[in-house]
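What follows is one structure encoded as structure tokens, with my remarks underneath.
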Amino acid sequence: MPQPRTPKQLSKFISYILGHNPDEFGLVLDQDGFVKIKELLKAITEEDGWKYVRRSHIDEILITMPGPPVEIKENLIRAKIHGALPKPKPAQNLPRLLYTCVRKKAYPAVLDKGIYPTGYSQVILSSSREMAERIGKRTDQTPILITILAQKSAADGVVFYQAGNSIYLAESIPAGYYTGPLLPKQKPELKKQATAEESSTRKLAGSFFMDLKYEKKNHKKSKRGKSLTYRSKPRGKSKKEARPWLSGRDR
């Protein structure tokens, strides 16, 4: 098991991410160079040797190091030296295809209504399938990968911005300009009902079920014919039957 790095080593790594190549780790900074701390931690823990890093390790940098290279504002963090970072700009030489991921639960709505930002102010896209999946797994363990028809949508008015070597941004992607896997087929409703009825009427082996309709019909018939053959004994006592409790009385 790799040993935890020192606060100084972690501070250098964070400075590299936030101050030089955030797109290399699938991060998009705001106009002031900030990113959410939880997003930074997700990106750091994806790297070998850094999976142990938590918010407390970042706090340790601020407490123990004189003149730490990062600063925190509420739930945001940035490198103190970030002025050299290029700002997002309209994309030039746009790839034919771009990729993004959406949560599995949101996928049916995305197919119908389009792709909109979640967690960021813009939709994050990548020219790399692997990077798109890496970003997508930060919010869903099994995200749905979507292929964007970038050049076609740009020709029809969608504006793309480039934020690094492989990261692109867009306000939204209208439905019809991307492809993804088919939704699972839904079983026909009639088939569901037939299955339910079949299971409800299925008889268990060795069980006996009375036919109530048959019994009711036979009961009415026997009343009309006055032949209740199923009775084995008369209701009342026979007149000729001896009555022992009268044997001691005068007749």
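The values are calculated or read from the model by the stated rules, or taken from the named source; none is laboratory data. On a predicted model such as this, the values are computed, not experimentally measured, just so you know. For neighbour counting, all protein chains shown are included, and Cβ atoms are generated from backbone atoms with ideal geometry for every residue, glycine included.
What to note about this one:
- Counted residues, segment 142-170 - those being surrounded by fewer than 18 Cβ atoms within 10 Å (Cβ to Cβ) and under 19 Å from Leu183 (Cβ atoms): 3
Let's see how each residue does on (1) closer than 20 Å to Gly119 by Cα; (2) assigned by TED's automatic domain parsing to the domain that holds Tyr161; (3) not polar (S, T, N, Q):
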residue: Ile14; (1), (2), (3): no, no, yes
residue: Asn21; (1), (2), (3): no, no, no
residue: Leu29; (1), (2), (3): yes, no, yes
residue: Thr45; (1), (2), (3): yes, no, no
residue: Lys51; (1), (2), (3): no, no, yes
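- Residue check for Val35: at pLDDT 95 or above, within 17 Å of Ile135 (Cα to Cα), among the aliphatic types (A, V, I, L, M) and in contact with a helix residue (DSSP H, G or I) (Cβ under 8 Å, 6 or more places away or on another chain): yes
- Some residue of segment 14-34 being more than 23 Å from Gln122 (Cα to Cα) and either surrounded by 20 or more Cβ atoms within 10 Å (Cβ to Cβ) or in contact (Cβ under 8 Å) with a residue 40 or more places away in the chain (or both): yes
Here's the yes/no breakdown for (1) β-branched (Val, Ile, Thr); (2) loosely packed, with under 15 Cβ neighbours inside 10 Å:
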| residue | (1), (2) |
| --- | --- |
| Leu98 | no, no |
| Lys105 | no, yes |
| Thr118 | yes, yes |
| Ser121 | no, yes |
| Ser127 | no, no |
| Met131 | no, no |
| Arg134 | no, no |
| Asp140 | no, no |
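- Test: residue in segment 39-61 that is modelled with pLDDT under 95, small (Gly, Ala, Ser) and crowded, with 19+ Cβ neighbours inside 10 Å: no
- Of the strands (runs of 3 or more DSSP E) entirely within segment 1-112, those holding at least 2 residues that are farther than 30 Å from Gly157 by Cβ occupy 70-73, 76-79.
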